[in-house]
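S.K.: Here it is, the structure in full.
The values are calculated or read from the model by the stated rules, or taken from the named source; none is laboratory data. None of these values were measured; they are calculated from a predicted model. Every residue, glycine among them, receives a Cβ derived from its backbone with ideal geometry; neighbour counts consider all protein chains shown.
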Amino acid sequence: MLTKPLFTEVPHVPQDIVSTYQVERQISEKICAPLEIEDYGLQAMNDASPAKWHLGHVTWFCETFLLKSMSEGYSPVNPVYEYLFNSYYDGVGPQWTRAYRAHLSSPTVAEVYDFSTMVDRGMLDLVEETGPEGLPFLGALVTMGLNHEQQHQELLVTDIKYNLSVNSMRPAYHDTEIPESSSWAPLKWLPFEGVVVWTGHDRQGFAFDNEWPRHQTFVAPFKLAFRLTTNGEFIEFIDVGGYDRSDLWLSEGWKTAKKEGWGVPYTGSVWTGSGGFRRCRA
Ligand SMILES: [Fe+2]
């Protein structure tokens, strides 16, 4: 049991802890909804994780830092999950090697979803059992858990797309219409003067500790394009030999591009040339 808050101040307490928790947890499942069962276990490089692992890990996080810390006498759903789904948190215990997450055929996808259901049930019980005096602290912990969940939702999308990208069958994450090229205003660069600015979180609402402390910093004069780069401009860059012209690169990027043998945008095997990125599952 935690005996004192992790925070020096409680920055934000969700008005309705239960619905906030449920909505955020369901988003992780919705991200995985388009996947086939085989897709859940893919880990196409060491830095990517299988979707199944992400789902197990975010549930483990809620179990470890919410249920185990707040619910007296709580027993983990499966003690082995504490090892398999721990990540980076050395203070919590040993952990399964990151590069080998795809080696885990067990627990199955169904078992990971069961784990999630059991922990969510435990969370509802915990909220019900917590008296009014404990709710602000519980709310702060839930907020931390859900911010962690959101980080993994971004990783889920990134990793799913990468894991599917290395397959010559060109499986799509989901069906979407790719618009035909449209006309864009010519690129313009907007100048900005150098200035001293405040940066860092102002401690109003949740933030991770690496977003503090708030401090001033000098921003040198710069120019920023007034719109995003288009795929057409990327193709133009390739067609004019952009990957072979050192004058178009900063030195570190140029060195990396040569060392890694880059000849197309860093989308690895999904780049299909001027035909674009169109892919389909069948
Ligand atoms: Fe995490």
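S.K.: Test Thr217 against the criterion of being polar (S, T, N, Q) and more than 16 Å from the ligand (Cβ to nearest atom), and give yes or no. First the steps, then the outcome.
M.R.: Values: polar (S, T, N, Q): yes; more than 16 Å from the ligand (Cβ to nearest atom): yes.
Against the criterion (polar (S, T, N, Q) and more than 16 Å from the ligand (Cβ to nearest atom)), Thr217 qualifies.
S.K.: Another question, if that's okay. Report whether or not His148 is surrounded by 13 or more Cβ atoms within 10 Å (Cβ to Cβ) and assigned by TED's automatic domain parsing to the domain that holds Glu24.
M.R.: Numbers: surrounded by 13 or more Cβ atoms within 10 Å (Cβ to Cβ): yes; assigned by TED's automatic domain parsing to the domain that holds Glu24: yes.
Judged against the criteria, His148 is a match.
A quick yes/no check of all residues on (1) more than 24 Å from Glu29 (Cβ to Cβ); (2) surrounded by fewer than 12 Cβ atoms within 10 Å (Cβ to Cβ):
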position: Ser71; (1), (2): no, no
position: Asp90; (1), (2): yes, yes
position: Ala110; (1), (2): no, yes
position: Ser116; (1), (2): no, no
position: Arg121; (1), (2): no, yes
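S.K.: If you check Ser49, Ser28, which single one turns out to be assigned by TED's automatic domain parsing to the domain that holds Thr130 and either farther than 26 Å from Asp125 by Cα or without any contact (Cβ under 8 Å) to a residue 24 or more places away in the chain (or both)? If you could, list the steps in order and put the result at the bottom.
M.R.: On the way: Ser28 fails: either farther than 26 Å from Asp125 by Cα or without any contact (Cβ under 8 Å) to a residue 24 or more places away in the chain (or both).
Result: Ser49 is the single residue among Ser49, Ser28 that is assigned by TED's automatic domain parsing to the domain that holds Thr130 and either farther than 26 Å from Asp125 by Cα or without any contact (Cβ under 8 Å) to a residue 24 or more places away in the chain (or both).
S.K.: Just one of Val166, Val197 is over 30 Å from Ile31 (Cβ atoms), surrounded by fewer than 16 Cβ atoms within 10 Å (Cβ to Cβ) and away from the ligand (no atom under 16 Å from the Cβ); which is it? Even if it seems obvious, please write down each step before you answer.
M.R.: Values: Val166 fails: over 30 Å from Ile31 (Cβ atoms).
Among Val166, Val197, only Val197 is over 30 Å from Ile31 (Cβ atoms), surrounded by fewer than 16 Cβ atoms within 10 Å (Cβ to Cβ) and away from the ligand (no atom under 16 Å from the Cβ).
S.K.: On the given criteria, is Tyr113 under 28 Å from Glu36 (Cβ atoms) and of a type outside the set (Val, Ile, Thr)? So that I can check it myself, show each step before the final result.
M.R.: Values: under 28 Å from Glu36 (Cβ atoms): yes; of a type outside the set (Val, Ile, Thr): yes.
Yes, satisfied.
S.K.: Next question. Return yes when Pro107 is at pLDDT 90 or above and outside the structural domain of Asp209 (by TED's automatic domain parsing) and no when it is not.
M.R.: Numbers: at pLDDT 90 or above: yes; outside the structural domain of Asp209 (by TED's automatic domain parsing): yes.
Yes; evaluated as a whole, the condition is true for this residue.
S.K.: Now a separate question. Given the criterion buried (at least 18 other Cβ atoms within 10 Å of the Cβ) and over 20 Å from the mean Cα position of the chain (by Cα), identify the matching residue among Leu126, Leu135, Leu156, Leu141.
M.R.: Working: Leu135 fails: buried (at least 18 other Cβ atoms within 10 Å of the Cβ); Leu156 fails: over 20 Å from the mean Cα position of the chain (by Cα); Leu141 fails: over 20 Å from the mean Cα position of the chain (by Cα).
After applying the criteria, what remains is Leu126.
S.K.: Just to be sure before I move on: is Tyr113 modelled with pLDDT of 95 or more, aromatic (Phe, Trp, Tyr) and under 17 Å from His148 (Cβ atoms) in the structure I sent? Break it down into steps so the answer makes sense when it comes.
M.R.: On the way: modelled with pLDDT of 95 or more: yes; aromatic (Phe, Trp, Tyr): yes; under 17 Å from His148 (Cβ atoms): no.
In short, no.
S.K.: Quickly run through region 117-159 and pick out the residues that are of a type outside the set (A, V, I, L, M), away from the ligand (no atom under 15 Å from the Cβ) and assigned to a helix (DSSP H, G or I).
M.R.: Just the residues of region 117-159 that are of a type outside the set (A, V, I, L, M), to begin with: 117, 120-122, 125, 128-134, 136-137, 139, 143, 145, 147-154, 158-159.
Now narrow it down to the ones that are away from the ligand (no atom under 15 Å from the Cβ): 117, 120-122, 125, 128-134, 136-137, 139, 143.
Correct list: Thr117, Asp120, Arg121, Gly122, Asp125, Glu128, Glu129, Pro136, Phe137, Gly139, Thr143.
S.K.: Inspect all residues belonging to region 74-90 and state whether any of them is within 15 Å of the ligand (Cβ to nearest atom), within 27 Å of Ile17 (Cα to Cα) and in a helix (DSSP H, G or I).
M.R.: yes
S.K.: Just to be sure, is Leu155 assigned by TED's automatic domain parsing to the domain that holds Ile31 and within 21 Å of Ser71 (Cα to Cα)?
M.R.: Values: assigned by TED's automatic domain parsing to the domain that holds Ile31: yes; within 21 Å of Ser71 (Cα to Cα): no.
Against the criterion (assigned by TED's automatic domain parsing to the domain that holds Ile31 and within 21 Å of Ser71 (Cα to Cα)), Leu155 does not qualify.
S.K.: I've got another one for you. Going through Val166, Val219, Val197 one at a time, which residue ends up being touching a Gly at 6+ places or on another chain (Cβ under 9 Å), in contact (Cβ under 8 Å) with a residue 12 or more places away in the chain, farther than 30 Å from Leu35 by Cβ and among the aliphatic types (A, V, I, L, M)? Break it down stepwise before answering.
M.R.: Numbers: Val166 fails: farther than 30 Å from Leu35 by Cβ; Val197 fails: touching a Gly at 6+ places or on another chain (Cβ under 9 Å).
Being touching a Gly at 6+ places or on another chain (Cβ under 9 Å), in contact (Cβ under 8 Å) with a residue 12 or more places away in the chain, farther than 30 Å from Leu35 by Cβ and among the aliphatic types (A, V, I, L, M) holds for just one of Val166, Val219, Val197, which is Val219.
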